[in-house]
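Below you'll find the structure, written out as structure tokens, and then a few comments.
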Amino acid sequence: MFGFLRKFKKTRKAGCSAKGVKGFPPQIVIKSGNRSFSAANLDEQFLGMLLGANSRIDTGLNAFEKTALSRLRKLVRSNAEFSRIFPRSPAILSKLAPMVEADELDMLTIANLVIQDQALVGDVMRLINSVEYRHKGSVTCLYDAIVLLGREGLQSLIEVAAQHPVTDADKGHFVTITSKSLADQSKVTANVANLLCQEKQQQCFYAYLAGLMHNVGLTLGFTVLDEVFDGTQAPNSKRFQKEFVEMCLELTTSAAKHWQLPGVVCQLFEMQCNQISDEAYCEMATNLFVADRIAKAKVLGSRIGLDEDDVSILINRAQCDIRLKSL
């Protein structure tokens, strides 16, 4: 995949891979000092951080939670409602990434692909006229911009565009406080999923793309929360958080299909959503599951008492060679 990932691939060890693991989902435990975190622990802590509701209450749904879940159910069932909130299809990104990684860059073909997505065109022009590239002078032509960006600039463009899908909604309370953490977690997940993948390059690309896109449902979920949030009640009941996560996983799967992402990526999301095992994709799904939890541990860090100098990762009781500090 991208340049910095190639460095990982040269140094990784077989112990990093989940290859040969039977059953899905796997058991993952992350230890630091005398503290130990399971996948469920990390999921709960990460969602609590995002919602600003670390103390879950074992009680019935409040009015805000009921309304939010009702909106989410409607969204899961309605393609029209989904398109209203998330009109942009990132399918072009899945075509663009292999072009950027090719030995020879065909800038004209890349420009003709990018121009099909006006939001992506805007991303290109903002990037080429940013401080990082300003020394090259003001650029107004898309083709010139792509040539000046070069391979590394286009790689940065793909990461930014994949992590920040365009929505019609203004940023409200929840989207504002969660967007950076979700973007950071997605990027680490993508890196780790790629690192764990020991298949051919195309499989590694699918792993990386799935890692970047796996939080789309949560992003959409927080957009819905902002539509009904008035600040008087908090989303802190156990029942709400459980149902919220389940529906956001469904939305990620629906989004992947709606946007016509590669079938492999859609299947990986479906396995995460339904917690079912498909033998053909079990290894990749296991890697994505593990990468997601490692990334959550990385983002949570000292918030949950993790010392990156003293962390061990166990997958089905086997030691994983990934070092949290290096991510």
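Laboratory data are not the source of any read-out in this text; all were calculated from the coordinates shown. These numbers come from a predicted model, not from an experiment. Cβ sites come from the backbone with ideal geometry, for glycine too, and all protein chains shown count toward neighbours.
Okay, here's what the table says:
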item	result
Simple label model, 7 Å out from Cα along Cβ direction - Arg35 to Asn54, nm	0.9 nm
FRET efficiency, 1/(1 + (r/R0)^6) with R0 41 Å, evaluated for Ser302 and Ala119 via beta carbons	0.70
Segment 214-271: equivalent-ellipsoid semi-axes (sqrt of 5 x gyration tensor eigenvalues, Cα, Å)	26, 12, 6
Distance violations [Cα-Cα > 24 Å] among Lys74/Lys298; Lys95/Lys180; Lys74/Lys242	Lys74/Lys298; Lys95/Lys180
Arg151 paired with Thr109, simple spin-label distance in nm, labels 7 Å along Cα-to-beta-carbon	1.6 nm
For segment 93-161: relative contact order, % (alpha-carbon pairs under 8 angstrom, 6 or more apart)	40 percent
Packing-based order for 143-150, 50-57, 181-188, 103-110, using average beta carbon neighbours within 10 Å, highest first	181-188, 143-150, 50-57, 103-110
Cα convex hull of segment 270-327 - mean projected area over all directions, nm²	4.7 nm²
Relative contact order for segment 190-327, counting Cα pairs under 8 Å that sit 6 or more residues apart, in percent	25 percent
Cα-based radius of gyration of segment 93-161 once divided by 2.2 N^0.38 Å, which approximates compact folds	0.99
Hydrodynamic radius by Kirkwood, which averages 1/r over all alpha carbon pairs of segment 216-327, in angstrom	16.3 Å
